[in-house]
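Engineer: Take a look at this one; I'll ask things after.
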Amino acid sequence: SARSIEREDGPKIQRVEMWDPSQRELVLFQTYSPLHAMLWYIIQSNNWMIMCCIMAMTSFQLGIVVKSYSHLVKDRQIVDAEVLNEYQQRFVNPRLNVVKKDACVMTHEAEMIHYRDVR
């Protein structure tokens with residue numbers, strides 16, 4: 001979600017907040033997801049063994065999904081950083097650090113007029 005911050009003297013600044021789950025939150029989601037809650041709801045005395053096996057398989061599959069998603073996010077961060085670095089090197093730095101010719105003319109001190117002499 002984007003939040004806008006209005007300053008009295010300046011323009012509106014927008015800030016994008018991203019959810020960055022910790023490792024503990026990811027393990028909690030893997031261990032007890034909404035699917036697990038639904039499976040606990042439909043468990044009975046005659047199918048508890050099958051449901052426990054289904055819950056273990058669900059946890060294993062969610063672990064694979066969480067690990068794949070974490071790798072995807074890290075890979076995207078690396079690619080974004082490289083794109084930004086390449087943009088910085090190819091477009092921003094050449095325009096900021098333009099080599100210019102120094103065309104100064106040297107004068108002698110006797111030719112300078114001091115501000116006190118102008119009065």
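The values are calculated or read from the model by the stated rules, or taken from the named source; none is laboratory data. Fair warning: this is a prediction, and the values are worked out from it, not measured in the lab. Ideal geometry is used to build each Cβ from the backbone, glycine not excepted, and the neighbour counts take in all protein chains shown. Surface accessibility is based on the protein's heavy atoms, side chains included, excluding ligands, DNA and RNA. Shrake-Rupley method; radii C 1.70, N 1.55, O 1.52, S 1.80 Å.
Engineer: Which one is modelled with the lowest pLDDT, of the residues in segment 92-103 that are among the hydrophobic types (A, V, I, L, M, F, W, C) and open to solvent by 100 Å² or more (accessible area, probe 1.4 Å)?
Structural biologist: Narrowing segment 92-103 to residues among the hydrophobic types (A, V, I, L, M, F, W, C): 92, 96, 98-99, 103.
Now narrow it down to the ones that are open to solvent by 100 Å² or more (accessible area, probe 1.4 Å): 96, 99.
Working: Leu96: 82, Val99: 75.
Ranking the candidates gives Val99 first.
Engineer: Hey, another quick one. Restricting to segment 38-52, what's the tally of residues that are open to solvent by 70 Å² or more (accessible area, probe 1.4 Å) and outside any helix (DSSP H, G or I)? Quick ask: steps written out before the conclusion?
Structural biologist: Residues of segment 38-52 that are open to solvent by 70 Å² or more (accessible area, probe 1.4 Å), as a first pass: 38, 40-42, 44-46, 48-50.
Filter once more, so that each one left must be outside any helix (DSSP H, G or I): 42, 44-46.
Matching residues across segment 38-52 total 4.
The rows are residues; the columns are (1) part of a loop (DSSP other than H, G, I, E, B); (2) more than 21 Å from Val27 (Cβ to Cβ); (3) at pLDDT 90 or above; (4) under 34 Å from the mean Cα position of the chain (by Cα).
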residue: Ile54; (1), (2), (3), (4): no, no, yes, no
residue: Leu62; (1), (2), (3), (4): no, no, yes, yes
residue: Lys67; (1), (2), (3), (4): no, no, yes, yes
residue: His71; (1), (2), (3), (4): no, no, yes, yes
residue: Ile78; (1), (2), (3), (4): no, yes, yes, yes
residue: Glu82; (1), (2), (3), (4): no, yes, yes, yes
residue: Val105; (1), (2), (3), (4): yes, yes, no, no
residue: Tyr115; (1), (2), (3), (4): yes, yes, no, no
residue: Arg119; (1), (2), (3), (4): yes, yes, no, no
